[in-house]
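Note sheet for the following structure.
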Amino acid sequence: MRGSQDVVGRTALVTGAGGGIGAALVVRLLEAGATVVATARGPRPARLAGIPDELRGRLDTRVADMRDLAALAPLVAAVERDHGSLDVLVPAAGLGPVHGLDVPLDVWQETLTVNLTAPWLLAQAALPGMTARGFGRILFVSSIAAYTGGKIGPHYAASKAALHGLTHAIASRTVADGVTANAIAPALIGGTDMVAAIPDVTLPPVGRFGRLDEVTSLAMAMLTNAYLTGQVVLLDGGIRPD
Ligand SMILES: NC(=O)c1ccc[n+]([C@@H]2O[C@H](COP(=O)([O-])OP(=O)(O)OC[C@H]3O[C@@H](n4cnc5c(N)ncnc54)[C@H](OP(=O)(O)O)[C@@H]3O)[C@@H](O)[C@H]2O)c1
């Protein structure tokens, strides 16, 4: 029997499922008993290729580009129609091309669109169903850059910091309806394309990059705790100890 806080039998939507963190979380949610709608920009994300058959039956892979903002509310509606509900939302798709203070306006706007506006529109579309059913989990994927500025640039840091305000705004309005909203803020996670693309990267104080299983174990703890809401949890190997 499902406990009130676990994800067995719940339906999750994970974007960026072709990426390191998104794919790892898809697998972890499947292992935990959820049905997972995983979106990627291409039809057959390589990182999901090895999922065993016994889990694959609960995996629904769809193509979605987060820049197509008009398609996001229909995506949520389609998940609710096809699976009966959308209970867990993790908008993990994100981009971070490296730029200095001269970041071009088109890069700024694309970064804000994918990293901030798309997660917001997905949450906005998912929240009515979540509150009506009395259960929902939203987990935004922020970054250490929201605190330190980071290595990628002002566009990326600003997009991630804005997710914190969004987390608080949603959490304060939904906690009485069984819906939590939190953000996980990792730093320098190995096995991701994003870290591989950062030039001259230095290791965090712990002496190594973070592991994908360290991200997913924290994410699952946050997704399965009904008393945790409105929080941003850093996972940074000691970069920002205060
Ligand atoms: N890696 C880290 O150390 C770290 C630290 C802090 C936060 N994060 C955040 O973690 C999240 C996952 O990133 P990752 O670390 O797993 O890096 P990743 O391997 O580069 O994955 C990023 C994913 O986002 C997708 N994406 C980019 N633009 C998109 C768009 N327009 N529409 C749909 N999907 C799009 C990419 O799709 P394609 O495969 O099609 O390009 C890719 O699957 C991101 O939000 C990132 O900002 C990562």
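Computed from Cα positions, the angle between helix 20-31 and the longest principal axis of the chain comes to roughly 20 degrees. Within the listed set PRO186, PRO154, PRO104, the Gaussian network model of the chain (springs between alpha-carbon atoms below 10 Å) gives the highest mean-square fluctuation for PRO104.
Here the Karplus curve 6.51 cos²θ - 1.76 cosθ + 1.60, taken at θ = phi - 60°, turns the phi angles of the stretch 231-237 into couplings of 10, 10, 10, 7, 9, 9, x Hz, with x standing for Gly and Pro. Set the Cα radius of gyration of the stretch 117-242 against 2.2 N^0.38 Å, with N its number of residues, and you get 1.10.
Counting neighbouring Cβ atoms within 10 Å and putting the fewest first, the residues TYR156, TYR227 line up as TYR227, TYR156. Entry note, the stretch 1-93: relative contact order of 37 percent, from Cα contacts under 8 Å with a spacing of 6+ residues.
Taken over the chain, the alpha-carbon convex hull comes to 122 cubic angstrom per residue. For the stretch 24-179, the relative contact order comes to 22 percent (Cα pairs under 8 Å, sequence separation of at least 6). Put in order of Cβ neighbour count within 10 Å, fewest first, the listed residues MET130, MET220 become MET220, MET130.
Peptides 169-181, 18-30, 141-153 ranked from most to least packed by the mean count of surrounding Cβ atoms within 10 Å: 18-30, 141-153, 169-181.
Calculated translational diffusion coefficient of the stretch 3-92 (37 °C, 0.692 mPa s; Stokes-Einstein with Kirkwood radius over alpha-carbon pairs) equals 253 µm²/s.
Readers should treat all values here as calculations from the given coordinates under stated rules, not as data from a laboratory. Since the structure is predicted, the reported quantities are computational estimates derived from the model, not experimental observations. Note that each Cβ is placed from the backbone with ideal geometry, even for glycine, and that neighbours are counted across all protein chains shown.
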